[in-house]
Amino acid sequence: MRLAIQSSPADVVIVGSGAGGGMAAYVLTRAGVNVTVLEAGGPWDNTTDSAMLTWPYDSPRRGASTRLKPFGEFDGCIGGWDIPGEPYTVAPGERFRWWRARMVGGRTNHWGRISLRFGPRDFKAKTFDGLGDDWPISYDDVRPYYDKLEQLVGVFGSKENIPNAPDSIFLPPPKPRCYELLVQEAAHRLNVTCVPSRLSILTKPLNGRAACHYCGQCGRGCKTNSNFSSTNVLIAPALKTGKLTLKTNAMAREITLDRTGRASGVTYVDTTDGSEHHIDARVVVVAASACETSRLLLNSKSASFPNGLANGSGTVGKYLTDTTGTDVSGFIPKMMDHVPHNHDGVGGMHVYMPWWLDNKTLGFPRGYHIEVWGGADLPDYGILGGIQNYPPGGGYGKELKQNYRRYYGAYVGFSGRGEMIPNEGSYCEIDPHVVDKWGIPVLRFHWKFTDHEYLQVKHMQETFRALIAEMGGEVYSPMPTKEDGYGIAAGGVIIHELGGARMGADPKTSVVNSNCQTHEVKNLFVADGAPFTSQADKNPTWTIMALRWSSRHGKHLLPPRSLRPTSGRRCGSSWISSFPVMSARGARPMPAYPSSWTSC
Ligand SMILES: Cc1cc2nc3c(=O)[nH]c(=O)nc-3n(C[C@H](O)[C@H](O)[C@H](O)COP(=O)(O)OP(=O)(O)OC[C@H]3O[C@@H](n4cnc5c(N)ncnc54)[C@H](O)[C@@H]3O)c2cc1C
Ligand code: SF4
């Protein structure tokens, strides 16, 4: 294989351009650092390439899924469970599925935009119940950077003062839709907390981006850039600084070391022709997504690191978690025969249910939140499959068409998203027998849930069924049994995989320190979900990005002071003064970095 060597080294090379890589690129280029991002996928721009406002009948497939668009042809993300030429394996008898994006912006092109802060308890859960491990940082360490993130990206929601579901700096939330009002009423009667959801979608213009026009198609990518994607909220502004080089179709295969044991750069494959290249760098940041990051570290073997880079602890790839999940939907007769009206809203729920109970009164240790779906939106392929189950559903010809109109939108669904506790049986390693189409060894997954997760999911099932009954509805799926794991989604299926390079104070049991810097290679950082010490009953991406924004972590990504720009105005000070955000209190411009950063 040909190996081309790049002559001028980058200050920082970042692997991956998703939530973590995009945020690292944004922060560093704004600080005047020369950055190169290696992205395995190709370019894609939501403002030009999205299928927003495309009618299903405009496609002969009616929007049906394809191999690289499993969530439907119009979905904004190229990737999927099964990428041609890029296999992974799962240990016999175990269940794990791995979703991977292959495009600029990664999974942020179609993520649900549910943007929840972790709470104080989430960083210190072991202190409360003795399980898993505490993070070496606390909520108070991250809080200022959630603030900054929210002022840059925008998130709607409502102030609720729930201790472990901290409020953000919110834009106004959209009003509940018809079915969401019914859900909220039922939830209140059952004493389940149900509040406006928290999504990174603009309900007011922000930082030059337009407000949402409520087309309900966020998953396709937003042409008006009104929701968050790494591509147009982080990477595009980073490119505008002139400090970012974005290399697409560049699949990192190994992080190289110099003779002193510091990272010297990254070897990558140009996926358009299979040629191999090396890029020198003074600092390497890995943000390829949690499991890809484990794979890259494990594949970067050397005499100093025979078991994989920064893996002296043997914990690279270990303590993987995914959010626990299960779903229940039900037919709600009182929603039949509704007067047709536009209730598209944003492309996601307008209400949600944060964890509302005390685990001390329950048989499982950690909580979950509930995501709400239902009602009528733009009909897609395969709508109302199973109509024959609805009383008196189905029929033929005119009767069938009338029944579709009567029943369409007369349903609600609930998805539980809970906290899994890391365990030693859930990890990934290099499969010694399988390589991908570029010859790069692939991952083999092992997965285990314990009763902590199974009993939590049982509680979800019971709660969702109670909510639907309270709405006068009917569930057509039977309550899953213990033998079925109470309907728990297989590992990876909720697509919130975290861990593999966990954060900790002790280099013997963790991979990175509280700055996401590897204990063993000082100029190597991890910037995705791999450093998460634990999950939470929250979706993870807001915390992935806040950790990147954080000066605590971000300033350690900066190259040595001697390598930073010397003309003062090009560094922190110039962009701080031009940064268009205000402090949480709105009183004065909020500096993006502590003053120590600006003296370069
Ligand atoms: C359908 C869906 C809905 C979701 N909804 C939510 C939600 O509502 N809220 C939430 O918090 N999270 C949600 N998530 C999860 C969220 O998308 C991820 O947490 C987030 O994108 C992780 O960011 P990341 O940077 O680690 O990875 P990614 O966004 O996946 O980006 C990783 C990038 O690295 C690239 N890459 C991988 N390997 C290499 C390599 N070897 N060399 C070069 N580049 C490489 C990939 O091509 C990709 O572009 C959802 C995910 C999906 C799929
Ligand atoms: S619902 Fe709003 S944010 Fe989502 S795609 Fe439509 S306009 Fe964009």
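Of all the listed residues (Leu190, Leu149, Leu206, Leu171), the sole one being touching a helix residue (DSSP H, G or I) at 6+ places or on another chain (Cβ under 7 Å) and surrounded by 16 or more Cβ atoms within 10 Å (Cβ to Cβ) is Leu149.
Scanning region 514-533 for residues that are of a type outside the set (D, E, K, R), part of a loop (DSSP other than H, G, I, E, B) and in contact with a helix residue (DSSP H, G or I) (Cβ under 6 Å, 6 or more places away or on another chain) yields a total of 5.
Check region 1-19 and report whether any residue there is more than 16 Å from ligand 2 (Cβ to nearest atom), part of a helix (DSSP H, G or I), in contact with a helix residue (DSSP H, G or I) (Cβ under 9 Å, 6 or more places away or on another chain) and under 22 Å from Ser229 (Cβ atoms). Yes - at least one qualifying residue is present in region 1-19. A single entry from Gly500, Gly416, Gly491, Gly487 fulfils the requirement of being within 16 Å of ligand 1 (Cβ to nearest atom), closer than 20 Å to Val192 by Cβ and under 26 Å from the mean Cα position of the chain (by Cα): Gly416. The combined condition, being without any contact (Cβ under 8 Å) to a residue 60 or more places away in the chain and either within 16 Å of ligand 2 (Cβ to nearest atom) or out of contact with any Leu (no Cβ under 6 Å at 6 or more places or on another chain) (or both), is not fulfilled by Trp99. Residue count for region 366-413, restricted to those that are among the basic types (Lys, Arg) and in contact with a strand residue (DSSP E or B) (Cβ under 9 Å, 6 or more places away or on another chain): 1.
The single residue among Glu419, Glu470, Glu424, Glu497 that is in contact (Cβ under 8 Å) with a residue 12 or more places away in the chain, over 19 Å from Arg295 (Cβ atoms) and surrounded by 22 or more Cβ atoms within 10 Å (Cβ to Cβ) turns out to be Glu419. Going through (1) in a loop (DSSP other than H, G, I, E, B); (2) closer than 30 Å to Cys516 by Cα; (3) within 16 Å of ligand 2 (Cβ to nearest atom); (4) not basic (Lys, Arg) one by one, Thr108 falls short only on (1).
Which of the residues spanning region 213-244 are over 26 Å from Gly79 (Cα atoms) and either within 16 Å of ligand 1 (Cβ to nearest atom) or without any contact (Cβ under 8 Å) to a residue 12 or more places away in the chain (or both)? Of everything in region 213-244, those that are over 26 Å from Gly79 (Cα atoms) and either within 16 Å of ligand 1 (Cβ to nearest atom) or without any contact (Cβ under 8 Å) to a residue 12 or more places away in the chain (or both) turn out to be Lys240, Gly242. Of the residues screened, Glu73 is one that is more than 16 Å from ligand 2 (Cβ to nearest atom), of a type in the set (Asp, Glu) and under 15 Å from Cys218 (Cα atoms).
Kindly provide the set of residues from region 401-416 that are crowded, with 21+ Cβ neighbours inside 10 Å and touching a Ser or Thr at 6+ places or on another chain (Cβ under 8 Å), ordered by number. Answer for region 401-416, where residues must be crowded, with 21+ Cβ neighbours inside 10 Å and touching a Ser or Thr at 6+ places or on another chain (Cβ under 8 Å): Tyr411, Val412, Phe414, Ser415, Gly416. Between Asp134, Asp82, Asp122, Asp129, the distinction of being under 21 Å from Tyr146 (Cα atoms), surrounded by fewer than 20 Cβ atoms within 10 Å (Cβ to Cβ), of a type outside the set (Phe, Trp, Tyr) and more than 10 Å from ligand 1 (Cβ to nearest atom) belongs to Asp134 only.
Only the coordinates and a few stated rules stand behind these numbers; no lab work does. Owing to the predicted nature of the structure, the values given are computational and were not obtained by experimental measurement. Note: ideal-geometry Cβ built from the backbone for every residue, glycine included; neighbour counts use all protein chains shown.
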